[in-house]
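The values are calculated or read from the model by the stated rules, or taken from the named source; none is laboratory data. Because the structure is predicted, anything quoted here is derived from the model rather than measured. Here the Cβ positions follow ideal geometry from the backbone for every residue, glycine too, while neighbour counts run over all protein chains shown. Heads up: the accessible areas ignore ligands, DNA and RNA and are worked out on the full protein's heavy atoms, side chains in. Shrake-Rupley method; radii C 1.70, N 1.55, O 1.52, S 1.80 Å.
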Amino acid sequence: MPIAGAVISTRPEETAIAVALLSGLTGVEVHGTDGRGAIVAVLETATTAAMEHLIRTMSAFAPILHVGLTFLNAEDEMAAQAGCLASRPEETG
Amino acid sequence: MMAQTRRDFLKTTAALSAASYVGVSLPLEQQSLVQAAEGETWHRGTCRLCGVGCRVELGVRQGVPFGLRGVAEARTNFGYLCMKGMHFWQCLGHKDRLTKPLYREKKSDPFKEISWDAALDIAAAKFAEAVKQHGSDAVVYYGSGQALTEETYLFQKIMRGGLKTNNVEGNPRLCMASAVGGYLSSFGADEPIGGYADLEKAHCFFIIGSNTAEAHPVLFRRIMRRKLDNPGVKVINADPRVSQTSRIADLHLQFKPGTDLSLLNAMARVIIDEKLYDEQFLANYAAFKQGKEGKDATLDEYRQFLAPYTPEAAAATCGGNITADVIRQVARWFATSKGTMSLWCMGINQRKQGVWANNLIHNLHILTGQLMKEGADSFSLTGQPNACGGVREAGGLSHILPGHRPVEKEKMRNQVEEAWGVPPGRIPAEPGLHTVAMFTAINEGKVKAAWINCTSPAQSMPNCDFYNKGMAGEQCFIVCTDIFKTRTTEFANLILPTAFHFEKTGVYGCTERRSQLTRKVVNAPGEAKPEVWIAREWAKRLAVKLDDPVIAQCVKPFEGLEEDFALPQAIWDEYTQKLTKNRDCDLRGATYAVLSRMADGVQWPAPTEEFALTGGTVKKFVKGKDPMADSESKNDLPYQFYGPAHEDRKLWIWLRPQADPSEIPDAEYPFYLSTGRIIDHWHTMSMTGRVPELLRANPYAYVELNPKDAGRLGIKPGDMVELTSRRGVNVLPAKVYEGPMEGMVFAYWHDQEQTRMINRVTKDDYDPGSKEPEFKICAVKVKRVSGPVPIKPFLI
């Protein structure tokens with residue numbers, strides 16, 4: 001399950017509209033904005049291909065200028081591809 | 001105690017990374033809705049930063065830029081941008097922009113604002129005086145792989161055809177000259193055969209001497225996607241340092257810096273021993289060469305030459321985690337995949353043996369036939385956005401004229417002179433000063449006037465303190481054209497403010513031979529002007545002061561043209577229609593009209609507009625794909641290597657031995673120092689340091705130490721560490737992590753602050769062929785100075 005941190009750029013006066021659009025998407029958690037047009041969000045999808053599709057969908061929204069990832073964890077998918085890991089139990093710490 | 005699942009931990013980390021990037025704390029307040037603005041337009045251009053050539057659109061409202069987005073249809077980036085590319089537009093309206101010409105007679109005087117007329121008169125007078133009193137070689141132009149092609153072309157025309165000197169250089173000498181030397185000596189022609197389209201077809205990536213993830217992030221994203229979609233694709237990363245790129249590698253090869261020539265020869269040895277070479281390809285297309293003179297050799301001689309490079313011997317030489325089995329595995333993957341792409345950058349180029357290292361990578365591709373087909377290429381990654389287009393192709397190095405013409409060939413000089421309408425013999429027969437020689441000549445007082453355009457050698461030269469002495473001296477009058485003050489403008493007599501990207505029109509040519517147009521969209525601040533106007537007006541005054549009508553002839557075709565579009569277009573037309581005609585970099589089809597219609601641009605050769613509109617040549621030398629392979633065909637073979645440097649039209653496999661770097665660790669200086677880039681910053685940070693998001697991500701340089709070395713030296717994360725070489729000292733905070741191998745430290749070179757400017761420590765020895773310095777390897781000693789101290793970012 002890839003998880004990504006994203007900075008989503010919008011026109012400052014359209015940030016609220018963009019937030020509303022993003023909030024309706026599965027896999028997108030909006031954590032807030034910086035008041036200058038940037039939206040902080042977490043993306044979570046089943047596969048990295050699905051994440052790419054999600055990013056393309058978001059990018060197509062008119063108020064959104066760019067979606068940039070600041071963090072991406074895809075260890076589970078890469079490990080599964082390497083045949084080392086079928087599923088991982090929840091770890092606590 | 002709060003329990004947190006792994007998933008929760010990752011999501012929190014993801015949110016915090018994004019929040020810290022924009023500088024906010026969590027939780028955040030949401031903003032209220034406002035109305036959307038009217039009168040908004042979007043304008044296509046190319047990213048101002050690295051050599052990938054991402055296509056972007058600048059959003060403008062009422063003459064003011066407000067944002068940037070990627071162009072989805074562009075074949076360079078498919079709409080993706082990295083964080084630097086996303087934010088560079090903030091330089092357009094920045095409060096620190098230079099807006100007026102500044103002059104001081106002595107370098108100890110304060111600057112005063114003067115008019116453009118006065119500034120251009122002074123520049124012309126000083127250069128004329130230097131030429132009259134000391135000869136044409138007392139003046140130099142030092143340009144940049146970030147200048148537009150039109151700018152580089154016009155400046156070098158004025159210097160060569162006007163002032164009769166080949167002292168035309170550019171900062172790509174510091175980054176790409178070895179790649180140029182490698183391509184010319186291995187393939188007979190500069191620049192890659194393939195392009196980015198091969199990334200999505202490759203089955204094996206051999207990434208050596210490149211931290212692609214941070215230096216070319218958008219291309220890295222394509223590599224990563226290819227791997228994730230196709231688990232069978234192999235990624236091999238060869239780098240003494242574990243970098244972000246290493247994290248997707250199936251095999252990371254970590255070796256002592258400078259021993260990679262042994263590694264590459266050992267791979268060739270395996271390929272020969274296990275008969276993994278392509279006999280038919282070799283028979284049809286290859287020749288073997290050895291020695292300084294390029295004496296012919298045979299496959300048997302090559303086999304004998306490789307005899308000492310057994311995988312076992314190479315593993316012993318390389319150290320690190322290299323074993324004989326790993327070398328064999330890598331060689332087999334390389335040779336047997338359906339398409340292997342090698343990608344490299346400064347780790348290979350910025351070396352005393354940079355050309356040889358390039359040759360050895362090309363050798364592997366020629367041996368195995370991993371060329372010409374989809375997904376296979378020997379692909380040098382270019383650092384700067386226009387090192388290829390402006391400097392390598394348009395005559396921006398002291399030994400190369402426009403259109404890939406060597407200065408030393410009289411026929412080539414005559415062709416250029418005729419195109420320019422200047423008398424034969426006007427261009428000197430000898431190459432001018434290469435970069436290190438140029439700044440050495442400034443030190444020695446032999447250069448009396450220097451024009452430095454769009455670059456900061458005071459920070460980017462290796463062993464920079466040594467060369468800064470000369471630049472600081474009153475014996476050399478220095479003109480700097482730039483957008484912000486830098487370490488180099490501190491040594492200027494005259495600073496001329498220039499227009500920035502999207503404030504002027506011109507072409508960039510990126511890594512994959514693709515030329516792309518950016519048009520002026522907004523006005524430059526204050527009195528800043530485009531360089532093409534500055535150069536033209538300067539040349540007109542030079543002609544008067546030197547009473548030389550030939551100088552005026554150099555800019556006569558551009559007289560009276562408006563500077564925003566007509567002037568650069570006329571320069572581009574002269575360069576492409578006259579100087580690239582029938583050359584391997586033929587760009588006659590890539591007119592401004594064609595380039596304006598493209599989502600991206602045109603890959604040369606593109607001799608006609610019709611062909612250019614398809615996008616140009618995706619693969620050079622292939623009949624049916626490259627129009628010159630058809631027009632230059634000499635036989636029925638499908639590949640025609642018509643490159644100008646090899647008369648035999650063959651690809652050359654070079655017998656190159658292992659040779660040590662210029663300076664390796666010893667008892668007194670026991671560590672290797674390597675330098676490089678990080679994702680958040682560009683070059684000397686004069687641009688990216690002024691973008692709050694990027695500065696916040698990485699406010700100052702640090703030194704990376706391996707945990708074992710740190711433990712031995714008593715250094716903890718954040719401690720202040722002194723790095724000392726035979727040339728200078730830096731004091732940097734320590735970052736302790738499993739990046740560099742034991743016995744090695746790494747620092748990035750972007751920081752302008754004197755105690756953190758790593759080029760005060762690096763060595764300026766250079767490749768004898770390419771003249772490119774060995775930034776990547778020198779010897780240092782490392783000492784803990786103190787615990788953590790408060791550090792502030794610094795900008796001139």
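Residue-by-condition table, conditions (1) at pLDDT below 95; (2) part of a loop (DSSP other than H, G, I, E, B); (3) open to solvent by less than 50 Å² (accessible area, probe 1.4 Å); (4) of a type in the set (D, E, K, R):
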residue: B:M412; (1), (2), (3), (4): no, no, yes, no
residue: B:E418; (1), (2), (3), (4): no, no, no, yes
residue: B:P428; (1), (2), (3), (4): no, yes, yes, no
residue: B:T440; (1), (2), (3), (4): no, no, yes, no
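For the stretch B:602-633, residues that are touching a helix residue (DSSP H, G or I) at 6+ places or on another chain (Cβ under 6 Å), open to solvent by less than 10 Å² (accessible area, probe 1.4 Å) and part of a helix (DSSP H, G or I) total 1. Of all the residues in the stretch B:587-600, those that are crowded, with 19+ Cβ neighbours inside 10 Å, out of contact with any helix residue (DSSP H, G or I) (no Cβ under 7 Å at 6 or more places or on another chain) and of a type in the set (D, E, K, R) number 1. Looking across the stretch B:316-343, the residues that are in a helix (DSSP H, G or I), among the polar types (S, T, N, Q) and buried (at least 17 other Cβ atoms within 10 Å of the Cβ) come down to B:T317, B:Q329. Selection over the stretch A:61-71 of residues that are closer than 12 Å to A:A4 by Cα and either more than 8 Å from chain B (Cβ to nearest Cβ) or without any contact (Cβ under 8 Å) to a residue 60 or more places away in the chain (or both) gives a count of 2. Do the conditions hold for B:A499, that is, is it among the small types (G, A, S), open to solvent by less than 10 Å² (accessible area, probe 1.4 Å) and without any contact (Cβ under 8 Å) to a residue 40 or more places away in the chain? The answer is yes for B:A499.
When the strands (runs of 3 or more DSSP E) confined to the stretch B:1-116 are screened for residues that are modelled with pLDDT under 95, hydroxyl-bearing (S, T, Y) and more than 25 Å from the chain's Cα centre (by Cα), none reaches at least 3 such residues.
The set of residues in the stretch B:716-771 that are under 18 Å from B:K469 (Cβ atoms) and either open to solvent by 20 Å² or more (accessible area, probe 1.4 Å) or not in a loop (DSSP other than H, G, I, E, B) (or both) comprises B:R726, B:R727, B:V729, B:Q754, B:N759, B:R760, B:K763, B:D764. Checking A:M58 against (1) crowded, with 17+ Cβ neighbours inside 10 Å; (2) more than 9 Å from every other protein chain (Cβ to nearest Cβ); (3) under 19 Å from B:K227 (Cα atoms), which test does it fail? Against the list (1) crowded, with 17+ Cβ neighbours inside 10 Å; (2) more than 9 Å from every other protein chain (Cβ to nearest Cβ); (3) under 19 Å from B:K227 (Cα atoms), A:M58 comes up short only on (3). If I filter the stretch B:119-133 for residues that are modelled with pLDDT of 95 or more, more than 14 Å from B:S380 (Cα to Cα) and outside any helix (DSSP H, G or I), do I get at least one hit? No, the stretch B:119-133 contains no residue that is modelled with pLDDT of 95 or more, more than 14 Å from B:S380 (Cα to Cα) and outside any helix (DSSP H, G or I). The condition (being basic (K, R) and either surrounded by 23 or more Cβ atoms within 10 Å (Cβ to Cβ) or within 30 Å of B:D250 (Cα to Cα) (or both)) is satisfied by just one residue among B:R160, B:R104: B:R160. Total residues in the stretch B:555-597 satisfying the condition of being β-branched (V, I, T) and closer than 19 Å to B:F155 by Cβ: the figure is 4. Within the stretch A:1-55, being more than 7 Å from chain B (Cβ to nearest Cβ), of a type in the set (S, T, Y) and touching a Leu at 6+ places or on another chain (Cβ under 9 Å) holds for A:T10, A:T26, A:T45, A:T47. Among the helices (runs of 4 or more DSSP H) confined to the stretch B:196-297, the ones with at least 2 residues that are of a type in the set (S, T, N, Q), closer than 17 Å to B:W344 by Cα and more than 14 Å from chain A (Cβ to nearest Cβ) are located at B:260-273. The requirement of being over 11 Å from the mean Cα position of the chain (by Cα), under 18 Å from B:V24 (Cα atoms), modelled with pLDDT of 85 or more and open to solvent by less than 20 Å² (accessible area, probe 1.4 Å) is fulfilled nowhere in the stretch A:65-75; no residue meets it. Only one of the listed residues (B:A697, B:A667, B:A701) is open to solvent by 20 Å² or more (accessible area, probe 1.4 Å), within 25 Å of the chain's Cα centre (by Cα) and among the aliphatic types (A, V, I, L, M). That residue is B:A697.
Selection of the stretch B:298-315 for residues being among the polar types (S, T, N, Q) and assigned to a loop (DSSP other than H, G, I, E, B) yields B:T298, B:T310.
The set of residues in the stretch B:328-342 being touching a Ser or Thr at 6+ places or on another chain (Cβ under 8 Å) and of a type in the set (G, A, S) consists of B:A335, B:S342. Residues in the stretch B:112-157 that are surrounded by fewer than 22 Cβ atoms within 10 Å (Cβ to Cβ) and of a type in the set (F, W, Y): B:W116 alone. Against the condition charged (D, E, K, R) and assigned to a loop (DSSP other than H, G, I, E, B), how does B:K578 come out, does it pass? Considered against the rule, which asks whether it is charged (D, E, K, R) and assigned to a loop (DSSP other than H, G, I, E, B), B:K578 comes out as no. Of the residues making up the stretch B:134-164, just one is outside any helix (DSSP H, G or I), within 24 Å of the chain's Cα centre (by Cα) and β-branched (V, I, T), namely B:V140. Identify the residue in the stretch B:200-216 that is open to solvent by 20 Å² or more (accessible area, probe 1.4 Å) and over 21 Å from the mean Cα position of the chain (by Cα) and, among all such residues, is nearest to B:A238 (Cα to Cα). Filtering first and then ranking leaves B:H203.
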